[in-house]
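I have placed the structure first, in the form of structure tokens, so that the comments after it can refer back to it.
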Amino acid sequence: MRKGLLLIFILMFSVVLAACGADKGEEGSTENSESAEQASDSKWSEIQEAGEIVVGTSGTLYPASYYPENSDKLTGYDVEIIREVAKRLGLKVSFEEYGVDGLLSAIKSGRIDVVINDMEVTENRKKEFAFSDPYKYSYSTMIVRESDLSGIETLEDLEGKKHGGGATTVFSKIAAHFGAETKTYGNVANDVYLRDVANGRTDFIINDYYLQTLALKALPDIPVKLHPDLKFHPTESAIVMPKDASTLKKKIDETLNEMREDGTLTKISKEFFGGKDASKKPEADVKEIKGLDL
């Protein structure tokens, strides 16, 4: 009888322990969920508390982020977009300038809150960072020497040639995909890139269609041109944020959507892209590049 009572007591105690364990687990799960939510809110809370969003950009990428001649005020399509986003979110904005290769690492280190610098959305980048909804749609083109198109008729002709660009850019990865070597630069202006193609230090520059078109227009005396036959790799550009900044992403996406609907994105685009609307997908026949790991 005593053994029977003892066995019943042990079983009952085990049930109580199991129930307590279940309750604790549920609490732990709730706590984990709350921690994840707090982490997603921490960047937005930090920005709100400061009343300011710190933005990384290059300041040398015409017409996305640049200084007009004889001016010390940063401007450009990307710059004016983030200024308007900040204004609508009730924030001040400050800019930190980095070379293209240093922008993403500046987010990781916490030196800046976001990046806006015609930064393309790619699958590999999405593994490490959060992206806003796109504010710009485009595709890639190629600047070559005016006299002979740098000996390039197709993308396959890039093999063995020299490309001018940043080491970690999508454009350099495209060049490498076709067997070209990239000559890298620091944070230099467009004329340096273009003159190197003209004098033969490099053979071509892959970059965004809108940016290339306007860079050539701004520097008409350098004997280079857009390749007339090569349009490839459709792109989407977005604001880059820390991976877990979901609340910040939501706020920025909502604001960009307002700006799209009320025509602000179109207005800013036409101001900087010669009357063209880069906030909408282009109608050009653009070649996809198969097997490109981005």
TODO: Using DSSP, restrict attention to beta bridges with both residues in the chain and report what percent are antiparallel, rounded to the nearest 5.
DONE: 60
Task: Ala218 versus Glu261: modelled label distance in nm, points set 7 Å from Cα along the beta carbon direction - done: 3.4
- [ ] Tell me the trypsin sites (Lys or Arg not before Pro) within region 171-205 that lie in a loop according to DSSP and have at most 15 other beta-carbon atoms within 10 Å.
- [x] Arg201
Open item on the list: Rolling a 1.4 angstrom probe over the protein chains, ignoring ligands and nucleic acids, what is the accessible area of Lys162 in square angstrom, nearest 10?
Closed with: 90
Open item on the list: If each DSSP helix of 4+ residues adds -39,500 (n - 2.57) and the sum is divided by the residues in the chain, what number results at 222 nm, nearest 500 deg cm²/dmol?
Closed with: -13500 deg cm²/dmol
Task: Folded to 0 to 90 degrees: helix 246-261 orientation relative to the chain principal axis, Cα - done: 50
- [ ] Send over a whole-number figure in Å² for the accessible area per residue of the chain, probe 1.4 Å.
- [x] 53
Open item on the list: Please report the accessible area of Lys73 (heavy atoms, 1.4 Å probe, ligands and nucleic acids excluded) in Å², nearest 10.
Closed with: 130
Task: Modelled FRET efficiency - R0 22 Å, Glu181 with Leu294, Cβ distances, 0.05 increments - done: 0.70
Open item on the list: Please compute, over every Cα-Cα pair in region 160-266, the percentage with a separation greater than 15 angstrom.
Closed with: 71
Open item on the list: Given a 10 angstrom Cα cut-off, can you work out which residue in Asp72, Asp196, Asp262 is the most mobile in a GNM of the chain?
Closed with: Asp72
Open item on the list: Taking 51 Å as R0, compute the FRET efficiency from the Cβ-Cβ separation of Lys87 and Glu146 and round it to 0.05.
Closed with: 0.75
TODO: Tell me the label-point distance for the pair Glu49, Glu153, using the 7 Å Cα-to-Cβ offset, in nm and rounded to one decimal.
DONE: 6.3
Task: GNM flexibility winner over the chain from Ser71, Ser147, Ser45 (Cα, springs under 10 Å) - done: Ser71
Open item on the list: If I model a spin label as a point 7 Å beyond the Cα along the Cα-Cβ vector, how far apart are those points for Glu283 and Asn199 in nm?
Closed with: 4.2
Open item on the list: What percent of all Cα-Cα pairs in region 105-190 falls into each 5 Å bin, going from 0 up to the bin containing the maximum distance?
Closed with: 3, 11, 18, 21, 19, 14, 8, 5, 2, 0
TODO: Compute the acute angle (0 to 90°) between the alpha-carbon long axis of helix 2-50 and the principal axis of greatest extent of the alpha-carbon atoms of the chain; round to the nearest 10°.
DONE: 30
- [ ] Determine the shape class of region 50-117: with a ≥ b ≥ c the square roots of the Cα gyration tensor eigenvalues, call it rounded for a/c under 1.5, and otherwise prolate if a/b is greater than b/c, oblate otherwise.
- [x] oblate
Open item on the list: If I compute solvent accessible area with a 1.4 Å probe over the protein chains, what percent of it on region 163-294 is carbon and sulfur?
Closed with: 47
Task: Cut-off 14 Å between beta-carbons: net charge of the residues surrounding Tyr139, Lys and Arg +1, Asp and Glu -1 - done: -2
TODO: Calculate how steeply helix 209-218 sits against the longest principal axis of the alpha-carbon atoms of the chain, using the helix alpha-carbon long axis, and give the answer as 0 to 90 degrees to the nearest 10.
DONE: 40
TODO: Counting other Cβ atoms within 10 Å, keep those with at most 15, restrict to DSSP loop, and tell me which GluC sites (Glu not before Pro) in region 194-283 are left.
DONE: Glu283
Open item on the list: Out of the GluC sites (Glu not before Pro) in region 52-135, which ones are loop residues according to DSSP with at most 15 other C-beta atoms within 10 Å?
Closed with: Glu69, Glu128
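The values are calculated or read from the model by the stated rules, or taken from the named source; none is laboratory data. None of the values given here were measured: they were computed from a predicted structure. Note: ideal-geometry Cβ built from the backbone for every residue, glycine included; neighbour counts use all protein chains shown. Quick note on the areas: whole protein, heavy atoms, side chains included, nothing else; ligands and nucleic acids left out. Shrake-Rupley method; radii C 1.70, N 1.55, O 1.52, S 1.80 Å.
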